[in-house]
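Only one structure is covered here, and it is reproduced in the block below.
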2 protein chains.
Amino acid sequence: MDSPQLVTLGHGSGGRLTQRLIREVFVKHLSNPALESLGDAAALAPVPGRLAFSTDGFVVSPLFFPGGDIGRLAINGTVNDLAVAGAQPLYLCASFIIEEGFGLESLERIAASMADAAKLAGVSVVTGDTKVVERGHGDGLFVTSAGIGRLREEAPAGAKAVRPGDTVLVSGPIGDHGAVIGALRSGMELQGLESDCGPVAAMVSALYEAGIRPRFMRDPTRGGLATVLAELAEEASVSVRVREADLPVRDSVRSVCDLLGLDPLYLACEGRVVAVVPREQADKALNVMRGAPRGEGSRVIGEVTEPAVGPVVLETRYGGTRLYDILASEQLPRIC
Amino acid sequence: MDSPQLVTLGHGSGGRLTQRLIREVFVKHLSNPALESLGDAAALAPVPGRLAFSTDGFVVSPLFFPGGDIGRLAINGTVNDLAVAGAQPLYLCASFIIEEGFGLESLERIAASMADAAKLAGVSVVTGDTKVVERGHGDGLFVTSAGIGRLREEAPAGAKAVRPGDTVLVSGPIGDHGAVIGALRSGMELQGLESDCGPVAAMVSALYEAGIRPRFMRDPTRGGLATVLAELAEEASVSVRVREADLPVRDSVRSVCDLLGLDPLYLACEGRVVAVVPREQADKALNVMRGAPRGEGSRVIGEVTEPAVGPVVLETRYGGTRLYDILASEQLPRIC
């Protein structure tokens, strides 16, 4: 029986072993002409108009989880950051910091998963980098992605464009990703619950193609829906009123939250969009989102108001209100 | 007396503490309009023509060293990768993976150093990300940068354009960075030796402006000069003949190498260019490089030949030859 092949410090040397690792793992799966040239930089075709540029580091623990893995997260994280900025994601790069002793088979699974995610999102991974740190000085694998997109002329100018009376929509159940990670770490049964890790770029494109002009979009990752809305409220000097009864939260996510003392409004999503649109566009936006890939669970969840008692005011099912602000500290580290 | 302020897991939450960290450390030093908008992606002006895109992860240990630090390395690493691809570096992003307990003061020193390096290289850091891992699961700080450049029409097409008879130049003494890191880790006296960490973009621009058309350029980082030349030889099906007597190596670097059993030809540089030019452009290229910023130590070191006994053939001072191939494994981990 062969012993498992492991990443060694030599794989990070920049020499022969690095070359092999890149060719036999990354290029093998993520193949495209720009990546195959293996230069210090990828040469890309001109991009007309303004650009969007985004980066995210991923340190999720565990590396594999139902619905995804750190590689899929790294692709979708950057794709979604570009999409909600109003850009069409085009080119990604990926940088790997690997702990000595990490399994090459796991690395290859992750590379294959990234290739799959990139294909689904319609982007190419055109360049990358690999470093190796000594055992005990990392934690298996960290992945940092960055991406370039073509910024639409109609892209939102920023939270300040939001007005009282605007409608707030979310593209599906919230907190799935956070609940999966929380449950996994606690050894709980997942009962079919999966991360929502996935691309939202096609849904955002559908909105623009239908003539919808969102005033604000964000993907509610770390800090969750409540933090995104509270940041919006702070920046636009408004409040956001949300109806708990309209908020899509899966029963399984609610169970995980009850058991672990978490709040779904602060739990990370990794494949959802929060969109704020002028009230008169709300019905149309909802229909477009519901008909777009990954948008079938879209809901109108509330509206923007003049500044009120708190940045985010939740109308509970029982007729009361609960106030939310930006997440103060940390409820679940290393969620992404 | 105040106790030192340390990075906590809450600084990676995506909530209030993350916001503060970004504003009070990164935006404070790296300030520019795109960064200050703090969106999920930076909105950038159109870039005419083809783009170059590059990324590098930095795990150097120690984080601070004479002549630089991990932040300065992250800026120059990406600037130089873009420059040697024939691009004018424009926009950078930076992603930080911080170990819980890392000093905020050190982080701020690094951010200030990055700002300084970006200014010197004429680029802006327009977006970023921060993650925090638990104590013992990282190693102080890892920084990953990525960058966008405007690719010149005359940019080298790749190593295959190189021909026997072409001239090989290097822009200054080799191995300074590697020797500094090696010496520091061994507790040796540095005797004034500093890393060569710095930008080569202005020198590359000067070459193009003077009408020089390098057939190949590379910054010899991990794996050093020998690995760059051996990779070139392999890809272009040629050999490279180098004269030891013409190779610029500082005496202090030679001493470190002698004591630690390292070879300067495999030691990383972090602010040098290897350029291959048609023989008839060699004199002019040398003059331009010598007159450009950071190029005063430029030398012609050898020439491209038909395939010979090895990829890189070093003519020693004593009339013999020594063969070099791509670095096989690792001589000094975590050099950058």
What are the residues in the stretch B:211-224 that are more than 14 Å from chain A (Cβ to nearest Cβ) and open to solvent by less than 30 Å² (accessible area, probe 1.4 Å), if any? B:Ile212
Examine the stretch A:160-174 for a residue that is surrounded by fewer than 24 Cβ atoms within 10 Å (Cβ to Cβ) and β-branched (Val, Ile, Thr), and state whether such a residue exists. yes
Go through the stretch B:140-159 and report how many residues are in a strand (DSSP E or B), more than 9 Å from chain A (Cβ to nearest Cβ) and open to solvent by 10 Å² or more (accessible area, probe 1.4 Å). 1
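Out of the helices (runs of 4 or more DSSP H) lying entirely within the stretch B:1-119, which hold 2 or more residues that are out of contact with any Pro (no Cβ under 9 Å at 6 or more places or on another chain), within 12 Å of another protein chain (Cβ to nearest Cβ) and among the polar types (S, T, N, Q)?
B:16-21
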Show the residue pairs that are 6+ apart or on different chains and have beta-carbon atoms under 6 Å apart, the first residue being within the stretch B:287-307 and in contact (Cβ under 8 Å) with a residue 40 or more places away in the chain, the second being among the basic types (Lys, Arg). B:Glu296/B:Arg290; B:Ser298/B:Arg290; B:Gly302/B:Arg241; B:Gly302/B:Arg243; B:Glu303/B:Arg241; B:Thr305/B:Arg241
Here the residues within the stretch B:105-134 that are over 29 Å from B:Val47 (Cβ atoms) and in contact with a helix residue (DSSP H, G or I) (Cβ under 9 Å, 6 or more places away or on another chain) are B:Leu107, B:Glu108, B:Arg109, B:Val132, B:Val133, B:Glu134
Show me the strands (runs of 3 or more DSSP E) found entirely inside the stretch A:241-336 where at least 1 residues are more than 14 Å from chain B (Cβ to nearest Cβ) and open to solvent by less than 60 Å² (accessible area, probe 1.4 Å). A:274-277, A:299-305, A:312-315
For residues in the stretch B:96-123 being within 20 Å of B:Pro33 (Cβ to Cβ) and over 17 Å from the mean Cα position of the chain (by Cα), which is least open to solvent (accessible area, probe 1.4 Å)? B:Ala111
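The values are calculated or read from the model by the stated rules, or taken from the named source; none is laboratory data. It should be emphasised that the depicted structure is a prediction, and the values quoted were computed from it without experimental measurement. Neighbour counts are summed over all protein chains in view; Cβ atoms, including those assigned to glycine, are modelled from backbone coordinates with ideal geometry. Only protein heavy atoms, including side chains, enter the accessible area calculation; ligands, DNA and RNA are left aside. Shrake-Rupley method; radii C 1.70, N 1.55, O 1.52, S 1.80 Å.
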